[in-house]
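The values are calculated or read from the model by the stated rules, or taken from the named source; none is laboratory data. Predicted model only: the values in this text are computed from it and were never measured. In this analysis, Cβ positions are derived from the backbone assuming ideal geometry, glycine residues included, and neighbour counts consider all displayed protein chains. These accessible areas exclude ligands, DNA and RNA; they are computed on the full protein's heavy atoms, side chains included. Shrake-Rupley method; radii C 1.70, N 1.55, O 1.52, S 1.80 Å.
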Amino acid sequence: MAVHIRLKRQGRKKRPFYRVVAIDSRSHREGREIERLGWYDPVNDKLAVEFKEDRVFHWLNEGAIPTDTVSSLLRKKGLAYKWHLIKSGVSTEQISAHMDEWAKAQLTKAEKNVNKKAVKSVTDSDDTLVDDAKAEDAPVE
């Protein structure tokens, strides 16, 4: 039996909510799951996702294949990196040190993105002000 780690849609119309589940690959999207591994809420602006790390690692160790979306979520939460370190045979102390460094790097990356967006919004607003001023100065025919 091939097991996949994938999303199972919940929620109402135009308000999706997903459960991250271990499921037989032949089952349909809302099919019978083997185990619930977490949840994902795509409606929130921030990354709203939660995993049961030990169970996710258990299923990955058993050979479960995460879908592209679940792989992306695992990367964003740092679990893919942690799984890589575990598979490499790194000690638990070193894993925690590496994960602390990873978290710091993610914070600096997020701050840079916020700064870029702020600069871009300021320059965009300046451009619209200049365009509005040019439109007002243009002669009317």
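Please tell me which of these pairs span more than 30 angstrom C-alpha to C-alpha: Lys13/Lys82; Lys14/Lys82; Lys8/Lys46?
Lys13/Lys82; Lys14/Lys82
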Problem - Calculated FRET efficiency for the pair Ile86/Arg32, C-beta based, R₀ 41 Å, to 0.05 - result: 0.90
Fill in the blank from the handout: Dipole check, the chain, charges on Cβ (K,R +1; D,E -1), about Cα centroid: among His84, Asn113, Leu47 the Cα furthest to the positive pole belongs to His84
Problem - Estimated dipole of the chain in Debye, rounded to 20 [Cβ of Lys and Arg +1, of Asp and Glu -1, Cα centre] - result: 1060 debye
Handout entry: P(r) of the range 12-91 over all Cα-Cα pairs, binned every 5 Å from zero, in whole percent
Key = 3, 13, 24, 26, 17, 11, 4, 2, 0, 0
Practice task
Quick one: among Thr108, Thr69, Thr123, which has the greatest mean-square fluctuation in a GNM of the chain with alpha-carbon springs under 10 angstrom?
Solution key: Thr123
Completion exercise
For the range 57-67, in residue order, the Karplus 3J(HN,Hα) values (coefficients 6.51, -1.76, 1.60; θ = phi - 60°; whole Hz; Gly and Pro = x) are 5, 4, 5, 5, 5, 6, x, 5, 10, x, 6
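Just for the chain, what percent of DSSP beta bridges are antiparallel, to the closest 5? Intermediate values should be presented prior to the final figure.
On the way: 20 of 22 bridges.
Counting DSSP beta bridges with both partners in the chain, the antiparallel share is about 90 percent.
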Exercise for the section: Heads up, I need the accessible area for His98: 1.4 angstrom probe, whole protein in place, Å², nearest 10. Expected result: 60 Å²
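How much area per residue is accessible in the chain when the probe is 1.4 Å and only protein heavy atoms are counted (Å²)?
Here the per-residue accessible area is 73 Å².
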Practice task
Quick one: order Ile95, Ile86 from most to least accessible surface, probe 1.4 Å.
Solution key: Ile86, Ile95
Exercise for the section: Find how much the distance from Gln94 to Asn44 grows on full extension, using 0.36 nm per residue of separation minus their present alpha carbon separation; answer in nm with one decimal. Expected result: 14.7 nm
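Using only the alpha carbons of the chain, what is the convex hull's orientation-averaged projected area in square nanometres?
Mean shadow area of the hull around the Cα atoms is 13.7 nm².
Hey, any idea what % of the chain's accessible area is carbon plus sulfur with a 1.4 Å probe? Before the final figure, lay out the partial values.
Values: 5270 of 10260 Å².
Of all accessible area on the chain, carbon and sulfur atoms account for 51 percent.
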